[in-house]
1. Looking at region 73-94 only, could you name the residues that are in a helix (DSSP H, G or I), in contact (Cβ under 8 Å) with a residue 60 or more places away in the chain and within 13 Å of the ligand (Cβ to nearest atom)?
2. Considering each residue of region 161-176, count those that are under 18 Å from residue 9 (Cα atoms) and touching a strand residue (DSSP E or B) at 6+ places or on another chain (Cβ under 9 Å), and give that number.
3. Regarding residue 137, is this residue in contact (Cβ under 8 Å) with a residue 12 or more places away in the chain, buried (at least 20 other Cβ atoms within 10 Å of the Cβ) and not in a loop (DSSP other than H, G, I, E, B)?
4. Residue check, residue 132 against (1) at pLDDT 95 or above; (2) crowded, with 17+ Cβ neighbours inside 10 Å, all met but one. Which one?
5. State whether one or more residues within region 184-192 are over 19 Å from residue 71 (Cα atoms), modelled with pLDDT of 95 or more and within 16 Å of the ligand (Cβ to nearest atom).
6. When you look at residue 116, is it assigned to a strand (DSSP E or B) and closer than 17 Å to residue 141 by Cα, yes or no?
Ligand SMILES: [Zn+2]
């Protein structure tokens with residue numbers, strides 16, 4: 001049986017981003033990122049998938065959300081050194097703001113075999129938006145990226161992973177070929193050592209990761225995303 005291809009999602013590498021709530025859970029230390037990428041680089045590589053992120057060889061697919069400046073400063077040099085390709089999902093209105101990559105930096109990634117995708121215009125939760133607002137997040141972000149980078153943007157990563165069928169359909173209508181959610185990606189946590197990372201790559205999330213995700217998702221459902229965020233930042237600021 002062919003093994004399921006793992007799509008890894010990173011946020012910041014080697015430092016904390018500014019805006020994302022609870023970001024330190026996902027701020028992967030530089031030495032950990034390097035060992036993970038060295039592991040990935042030694043896996044059998046296949047052709048870079050064109051329409052589906054799920055095709056290709058045995059190497060995991062590497063993605064980054066939010067356009068954090070550490071993607072450019074810390075992750076990109078390691079990817080280049082190891083000859084790895086990756087996907088970067090950019091938030092239209094965050095480009096060039098403190099802590100986030102500029103158009104020039106994003107363009108450099110694009111010119112060096114990296115793929116740029118959209119992560120919306122404002123990082124708002126798509127399930128809470130009106131049709132008009134949803135349209136803005138999906139369509140405008142594609143347009144802005146395409147006009148700055150002069151390339152077609154085929155990939156969309158859902159902010160915070162929260163979506164429904166309507167959003168997926170709408171994203172397809174707008175022209176995205178692949179839509180990434182939290183269901184089809186493994187979000188790498190800051191605390192994972194190489195052993196844990198390899199286990200997740202081979203078998204998916206561990207039981208404790210899944211329990212954590214389940215609690216997170218059901219709390220979100222019970223509390224609603226705004227209250228959940230408030231609770232999460234209150235808890236995190238104490239730790
Ligand atoms: Zn995000």
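1. Selection gives 94 alone.
2. Going through region 161-176 one residue at a time, the tally reaches 2.
3. Numbers: in contact (Cβ under 8 Å) with a residue 12 or more places away in the chain: yes; buried (at least 20 other Cβ atoms within 10 Å of the Cβ): yes; not in a loop (DSSP other than H, G, I, E, B): yes.
For residue 137, the condition - in contact (Cβ under 8 Å) with a residue 12 or more places away in the chain, buried (at least 20 other Cβ atoms within 10 Å of the Cβ) and not in a loop (DSSP other than H, G, I, E, B) - is met.
4. (2)
5. Kept after step one, since they are over 19 Å from residue 71 (Cα atoms), are these residues of region 184-192: 184.
Next cut, modelled with pLDDT of 95 or more only: none.
Taking every residue of region 184-192 in turn, none turns out to be over 19 Å from residue 71 (Cα atoms), modelled with pLDDT of 95 or more and within 16 Å of the ligand (Cβ to nearest atom).
6. Details: assigned to a strand (DSSP E or B): yes; closer than 17 Å to residue 141 by Cα: yes.
Spelling it out, residue 116 is indeed assigned to a strand (DSSP E or B) and closer than 17 Å to residue 141 by Cα.
The values are calculated or read from the model by the stated rules, or taken from the named source; none is laboratory data. Since this is a predicted model, take the numbers as computed values, not measurements. Heads up, the Cβs are rebuilt from the backbone with ideal geometry, glycines too, and the neighbour counts pull from every protein chain shown.
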